[in-house]
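A quick write-up on the structure given underneath.
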Amino acid sequence: MSAHRVTDEQRELVESFLRPLDTLLPLGRLNDSAAAGDDAKWSELAELGLLAAAVSEAIGGAGLGAVECALMAEHLGRCLASPTLIATMIAAPLIEHTLPALAKDLATGQARAAFGFRQAGGLIAADAHNAQLLVVMSEDHIAIHECRERDPSFEEAWTLWSSTLAPARSFKTILTTQNKSHLATAQLLLAAQASGIAAGARDAGVDYAKSRQQFGQAIGAFQAIKHRCADMAMQALAASDLVSFASIAVAEQRPDAPFLAASALNVALRGALRNAEANIQIHAGMGFSQECAANHYLKRTRVLEAVSGQLSAVRRRLLAAQFSLAG
């Protein structure tokens, strides 16, 4: 593996996995009121090998490393996929040695995990329809909780369509890990998805600036819009580059991996938020309407921010990792 960049071979491998994603998860689905349950789509995504990417070959997984998994998560971000997919990719390898049967079910799409986050003393589940597990990130550890079977509060959380938040009424903890490598991997995958959202919002804004006509020319010809698009490009590039650096560090288990993963999540979340807001503004009044897809970039980013523990927690992890490196 290169010590400095992701190789073309790694990108080509991931593209071979994810080529059908644009068809399976078109952005138009987010504004389709008829798009309800996602069980069939979930099975199709499992058949791609996406959910088994990080699981070892011993239980039927692909055994891919952090670099490849980060590239997959970035593509999921561009498609505005639910963080539930990332939660499942995180949970499966974590429980592989203690609960191999459940890990295999996660990898094959027979079970799924969702993210949870704490708010006002309670646990909130994001997109938890049919979820058996909740992955909850704290500042210094990851906990995996078992959901109550058929929790009625989760029934309307259609995970591949529009995000739904619901209270988690009962659960039991099946795993808690303070392993810095595990926390770095989880932050890396969330950062990669946020990086994909930043890139997707940039592309959506630029495409609209090229097509929208005002005063006889495309609005992209106006300096104010040009500057906004240039800023979006820089935000997306910074996020993508830092995710790449962090993925290599995590894959090589370098001492600076926790610091780089936390840095990537900090930069990627900030870039996704700024680009999502800029994309809405470029779309002008239409950008604030429910019918326009621009609002979904912001909503997905806010969900990622919540399950990461909010930016304040991300930055505290970053500072802790920095102090640890400094000795």
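Listed by first and then second residue, the pairs linking a residue in segment 131-147 that is among the charged types (D, E, K, R) to a residue that is in a loop (DSSP other than H, G, I, E, B), with Cβ atoms under 8 Å apart and 6 or more places separating them unless they lie on different chains, are E139/G309; D140/Q178; E146/Q132.
When N275 is tested against (1) of a type outside the set (D, E); (2) crowded, with 19+ Cβ neighbours inside 10 Å; (3) over 30 Å from S138 (Cβ atoms), just one condition goes unmet, and that condition is (3). Among strands (runs of 3 or more DSSP E) entirely within segment 25-144, having at least 1 residues that are out of contact with any Ser or Thr (no Cβ under 9 Å at 6 or more places or on another chain) and crowded, with 24+ Cβ neighbours inside 10 Å singles out 113-119, 133-137. Here A221 qualifies as surrounded by fewer than 18 Cβ atoms within 10 Å (Cβ to Cβ) and farther than 16 Å from E74 by Cα. Counting only residues that are modelled with pLDDT under 90 and of a type in the set (A, V, I, L, M, F, W, C), which one in segment 272-293 is nearest to A194 (Cα to Cα)? Going through the qualifying residues, I end up with A293. Filtered by the rule that a residue be modelled with pLDDT under 90 and in contact with a His (Cβ under 8 Å, 6 or more places away or on another chain), segment 117-148 gives a lone residue, L123.
The values are calculated or read from the model by the stated rules, or taken from the named source; none is laboratory data. Given the structure is predicted, the values throughout are model-derived calculations rather than measurements. Positions of Cβ are backbone-derived with ideal geometry, glycine not excepted, and every protein chain shown enters the neighbour counts.
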